[in-house]
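Below is one structure; the comments refer to it alone.
The values are calculated or read from the model by the stated rules, or taken from the named source; none is laboratory data. Keep in mind it's a predicted model, so treat the numbers as computed, not measured. All Cβ positions, glycine included, derive from the backbone under ideal geometry; neighbour counts span all protein chains shown. Please note that ligands, DNA and RNA were not included when accessible areas were found on the heavy atoms of the full protein model with its side chains. Shrake-Rupley method; radii C 1.70, N 1.55, O 1.52, S 1.80 Å.
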Amino acid sequence: MKRILDVSALTIRFGGLTAIDNFSMHIDEGEFVGIIGPNGAGKTTFFNSLTGNVTPASGSVNYCGTSLIGKIPSRISQMGISRTFQNIRIFPKMTVLENVCIPLHSKPTYGLFPAVLGLKSAKAEDERIRDEALSYLERLGIGEYRDYEAGTLPYGLQRRLEIARALAAHPTLLLLDEPAAGMNNDECRELVELLKKIHRECKLTVMLIEHHMDVIQPLCDRLYVLNLGALLREGKPGEVLSDPEVVRAYLGERRKRK
Amino acid sequence: MIQILQQLVTSVSVGGLYALLAVGYALIYSVFDFTKLAFGGIMMVSAFAGYFATKLGVPTAAAMLVASAAGVLISVAVELLAYRPMRKRNANRLFLMISAMGVNIFITNLFLCLFGANLRALPTGFSSNTIALGPLRIGVVDLLSLIVSVVALVLLTFFLYRTRAGVTVRASALDMSTAGLMGIDVNRVSLIVFAISGITAAIAGMFFGMKYNVYPAMGSISNKAFIASVIGGLGSLKGAVIGGFLLGILEIMVTAYISATYRDLVSFAVMMIVLIFLPNGLFGMGDQNKL
Amino acid sequence: MYIQSVIVTICTNVISVVGLALLTGYTGMFSLGHAGFMCIGAYTAVLTHLHLGIPYLLALLLGGLTAGLVGLIIGYPTLRNRLRGDYFAICMMGFGTVVRLIINNMNNPIVKGSTGISKIPQLTTLWSALFITAALVFFMWNFVHSQFGKNCLAVQQQEVAAEMMGVDIVKTKLISLVISAFYCGIAGALLAFWIQYISPNNFTDTKSNDFLATLVTGGTNSITGPVLAAALITTMLEYLRFLANWRLVIYGLLYVVIMRFRPEGLMGYREFSFRGTLRFFRELPARLKGIREKVTGRKGGV
């Protein structure tokens, strides 16, 4: 099996604070891997370092054999890594459909002159991209909201929109940062089914940060547990979640959902 | 040699005033994350208040207090009327900047229409006096402004690092929403910060008024202070002070040895060069951990 | 003749404001130095025409291109490191002043420093101005509705996400800066060949403020809004000349009030259409009634 991501001895510092401490991990093609850990464990910082938003102090990050360190986010996105954000970052004043179009034409598919002259070929290209974007919306079950202003959607739908937008970037590796935050049990179950379907149909490799164990357990092949920036445990969900040290660091302080 | 020393003394005193203004920028930027472009106007209004007070026979030291009161008043009024309602609505930073610019344009031109563009000398009685220090002749105003700005900066540092209110300001600068969650009254912090920036603007305005003149367009001096805070690194107090002194020295040297007409050009050029090689200024923080 | 003059002035303002609309309204960058680009465009066009014999239309284009090139040179260092917009704003503020300073100090027989260049042939006509304006507005309309324009909007609304979705932030910002500089350059050149006299003092900060005030009034994320506002405000200023000294006072207040109560401007995120206008007037009675009820209701509540 092909190794998609190989992180070794990654260390990230903010001033005097070590946010990630000597963390190594890897992910193979088609895997669904979870990253868990208490708040402030450095999970989102880890994602940020993969997407080029944060520069590590030391260590290496290799994606399909190429180093990601020093690359800017747009470049990394074009290499096939896409993500959603913990604190939703949609384009609030654009329509839902336009939101999903952005990754499809982040590198415009026609030149400046066809754009300025409003040529038929450019219009046709726009049409094609809208159709493709719509297919992602429909896959996430939010096709009917295509013309809504994205900022006016309810919270849960905004999270779905983020996933649709991330998929439209044609990723190989998808990073999901707490997609179930603020969702109730029914919505969580729905989300699990949705993610299963997407993972299968789009042949994706997925990395998931989540606190809801009923989202983590049915989805993830393997888990990494971070605590205070360092790796605490790694393994299959069943083993990891029953590990007394993990329970103490993480689940102990957090009442498990019914 | 003596001539260079003489220029250096002048430039350090101008630098002190730049530093004072730049600290105002840095303070507001660090807490509210936006560049308040209205400093010039506030500085000018305070200088006018000081000017009128002096005209009425108030002694200079008391006129300084009048100017500071005016600075605090207008700075806080602008915060309450313009910025706070916008922040409540989570307005775009761009909009806040445009609004601040609007305040500046409004105040400056209102005074221009009301009082005309003419220069008014602040009648202190000692503006042209000098003190001989060996072969050097130091202007009383220069000396005074240097002393006052250094004292003000020391007091400000003391306030920020040694008092409870100062700690709340620093906490808000690190993370406003968390500070709010921890029970810090963010609105009070904003009043403190805007009041302080009003005082620094007023002190600088008074001394610029004594050194040069009081006139409606004098606020454009604050652009220099902004350059100083950019050179030092936006949001860094230490950087603002050092940037202020550096810029003061640079400007006086350019004026003395090249030409006054190129002074502004050189200042902007230096800022561009700093931005190219030190994108976050000398002491600024990157914003990567704000994500 | 007077009416013609007003219309040509409107045209040049429309071009500049539409250029600025892309930069500020769509990409979300703040500039108070665009009069500098106008100045560069005007001087380039006039000098190449007078001394190199470049024909009128080509000179206009050359003026625009030079302004665009200067925009690129100014923009690259400030935008390159993904710096905050504040740095860009102050650079642009300095830029406008610096351009004026440099030309003022070029006291040679060609540029003529602060004296300015007079006796420029009047080559701009009402029709050429109208035609060029219409064409440039049409191009901008297409641009902002194309993939490029949507990327600009994405950068303005959520820069981090836009970049993560593959949008090249630096390139997008640079393109909008260069295009807006190009538009201002052309506007400056057009104006120079109409008023027949230019000096650095034609292009002061007041001019930059004119543009920003017009844009803010017309609305961000709209092309028709700023166009309408440019026409309205220019006409108003022509007929209310006694306001001249108070103009900037009003602008300042306008910025603050609009940002406070309606930051998206008159037409923000919308475009003008006749159908929409008809609908607005049809619904007006109902809306007024709603407002009245709100007001009286609030009174009753207190």
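For the range C:102-245, what number results from the quotient of the Cα radius of gyration and 2.2 N^0.38 Å?
Details: Rg = 18.2 Å, N = 144, 2.2 N^0.38 = 14.5 Å.
Normalised Cα radius of gyration, the range C:102-245: 1.25.
Backbone geometry of the range B:16-27 corresponds, through the Karplus equation with coefficients 6.51, -1.76 and 1.60 at θ = phi - 60°, to 3J(HN,Hα) couplings of x, 5, 4, 4, 4, 5, 4, 4, x, 4, 4, 4 Hz, x marking Gly and Pro.
Counting Cβ atoms of other protein chains within 10 Å of each Cβ in B:216-226 and taking the mean gives 1. With contacts taken as Cα pairs under 8 Å and at least 6 residues apart, chain A reaches a relative contact order of 26 percent.
For the interface of chains C and B, what total accessible area is buried with a 1.4 Å probe, rounded to the nearest 100 Å²? Please list the in-between numbers first.
On the way: alone 15920 and 14070 Å², together 26240 Å².
Counting protein atoms only, the buried area is about 3800 Å².
Distance between the pseudo-spin-label points of B:Ile258 and A:Leu117 (7 Å out from Cα toward the beta carbon): 4.6 nm.
Using Cα pairs under 8 angstrom and six or more residues apart, how large is the relative contact order of chain C, in percent? Mind dumping the intermediate values first?
Values: 457 pairs, mean separation 95.9, N = 302.
Here the relative contact order equals 32 percent.
Based on C-alpha pairs under 8 angstrom that are at least 6 apart in sequence, the range B:2-290 has a relative contact order of 36 percent.
Quickly rank C:71-79, A:47-55 as a protection proxy: mean count of other C-beta atoms within 10 Å, highest first. Could you put the intermediate results ahead of the total?
Details: C:71-79: 19.6, A:47-55: 21.7.
Final packing ranking: A:47-55, C:71-79.
With the charge dipole of the range C:2-271 set up from +1 on Lys and Arg Cβ and -1 on Asp and Glu Cβ about the Cα centre, the Cα lying farthest toward the positive end among the listed residues C:Ser114, C:Leu65, C:Leu254 is that of C:Ser114. Among A:Leu175, A:Leu119, A:Leu231, which one moves the most in a GNM of chain A with springs linking Cα atoms closer than 10 Å? Evaluated over chain A, the most mobile residue of the options is A:Leu119.
Annotation: amide H of A:Leu226 within the under-5 Å range of A:Ile36, A:Gly37, A:Leu232, sequence separation 5 or more or interchain, hydrogens built in the peptide plane. Here the range B:2-290 is described by how far its Cα atoms reach on the three principal axes: 58, 46, 37 Å, from widest to narrowest.
Write down Rg/Rh for chain A, rounded to two decimals, with Rg from the C-alpha atoms and Rh from the Kirkwood relation over Cα pairs. Numbers along the way, then the final one.
Values: Rg = 19.1 Å, Rh = 19.3 Å.
Across chain A, the Cα-based Rg/Rh ratio is 0.99.
Determine, from the Cβ-Cβ distance of C:Ser114 and B:Ala62 and an R0 of 45 Å, the FRET efficiency 1/(1 + (r/R0)^6), rounded to the nearest 0.05.
It comes out at approximately 0.55.
How much area per residue is accessible in the range C:2-271 when the probe is 1.4 Å and only protein heavy atoms are counted (Å²)? Don't skip to the end; give the middle numbers.
Values: 9340 Å² over 270 residues.
Accessible area per residue: 35 Å².
Rounded to the nearest 500, the 222 nm mean residue ellipticity of chain C from helices alone is -24500 deg cm²/dmol, with -39,500 (n - 2.57) taken per DSSP H run of at least 4 residues.
May I ask for the accessible area buried between chains C and A, both sides summed, probe 1.4 Å, to the nearest 100 Å²? Buried: approximately 2700 Å² between A and C.
With each run of n ≥ 4 DSSP H residues scored as -39500 (n - 2.57), what mean residue ellipticity at 222 nm is computed for chain B after dividing by its residue count and rounding to the nearest 500 deg cm²/dmol? Intermediate results must be reported in sequence, preceding the final value.
Details: 12 runs with 209 residues, N = 291.
The helix-only estimate for chain B comes to -24000 deg cm²/dmol at 222 nm.
Solvent-accessible area per residue for chain B at a 1.4 Å probe radius, Å²? Let's see the in-between values first.
Details: 11980 Å² over 291 residues.
I get 41 Å² per residue for this part.
For the range C:1-123, the fraction of 1.4 Å probe accessible surface lying on carbon and sulfur atoms is 68 percent. Here the simple spin-label model places points 7 Å from the Cα toward Cβ, and for B:Ile131 and A:Tyr148 these points are separated by 7.1 nm.
Within the listed set B:Gly57, B:Gly281, B:Gly205, the Gaussian network model of chain B (springs between alpha-carbon atoms below 10 Å) gives the highest mean-square fluctuation for B:Gly57.
Counting Cβ atoms of other protein chains within 10 Å of each residue's Cβ and taking the mean over peptide C:5-14 gives 0. Of the residues making up the range C:225-255, those losing 40 Å² or more of accessible area when the isolated chain is joined by the remaining protein chains, with a 1.4 Å probe, are C:Trp246, C:Leu248, C:Val249, C:Tyr255.
Can you work out the FRET efficiency for the pair A:Arg128 and B:Asp175, with r the C-beta to C-beta distance and R0 = 51 Å, to the nearest 0.05? List each step's numbers first, then the result.
On the way: r = 44 Å, r/R0 = 0.87.
So, using R0 = 51 Å, E works out to roughly 0.70.
The residue list C:Leu123, B:Thr60, C:Phe95 was ranked by how far each Cα lies along the charge dipole of the protein assembly as shown toward its positive end, using unit charges on Cβ atoms, and B:Thr60 comes out on top. Need the per-residue list for the range B:254-282: every residue with at least 50 Å² less accessible surface in the complex of protein chains than in the chain by itself, probe 1.4 Å, sorted by number. Going by heavy-atom accessible area, the residues of the range B:254-282 that drop by at least 50 Å² are B:Leu265, B:Phe268, B:Met272, B:Leu275, B:Ile276, B:Pro279.
Across all directions of projection, what mean area in square nanometres is found for the Cα convex hull of the range A:94-170?
On the way: hull surface 19.8 nm².
With the hull built on Cα positions only, its mean projection is 5.0 nm².
Accessible surface for the range A:63-159, divided over its residues, is 46 Å² per residue with a 1.4 Å probe.
What part of the accessible area of the range A:2-63, given as a whole %, is carbon or sulfur when the probe is 1.4 angstrom? Display every interim value, and only then the final one.
Working: 860 of 2040 Å².
Carbon and sulfur: 42 percent of the exposed surface of the range A:2-63.
Taking the empirical scaling 2.2 N^0.38 Å for compact globular proteins as reference, the protein assembly as shown has a Cα radius of gyration ratio of 1.02.
Expressed to the nearest 5 percent, the antiparallel share of DSSP beta bridges inside the protein assembly as shown is 65 percent.
B:Phe158 exposes around 120 Å² of accessible area when a 1.4 Å probe is run over every protein chain in place.
Ordering B:180-189, C:234-243, C:174-183 by mean Cβ neighbour count within 10 Å, with the highest value first, yields C:174-183, B:180-189, C:234-243.
Shielding value for A:94-107 is 5, the average number of Cβ atoms from other chains within 10 Å of each residue's Cβ.
Cα-based values for the range B:171-267, radius of gyration first and Dmax second, are 16.9, 54 Å.
So, with a 1.4 angstrom probe, what is the percent of accessible area on chain B that is carbon and sulfur?
Taking all protein chains in place, chain B shows 69 percent carbon and sulfur surface.
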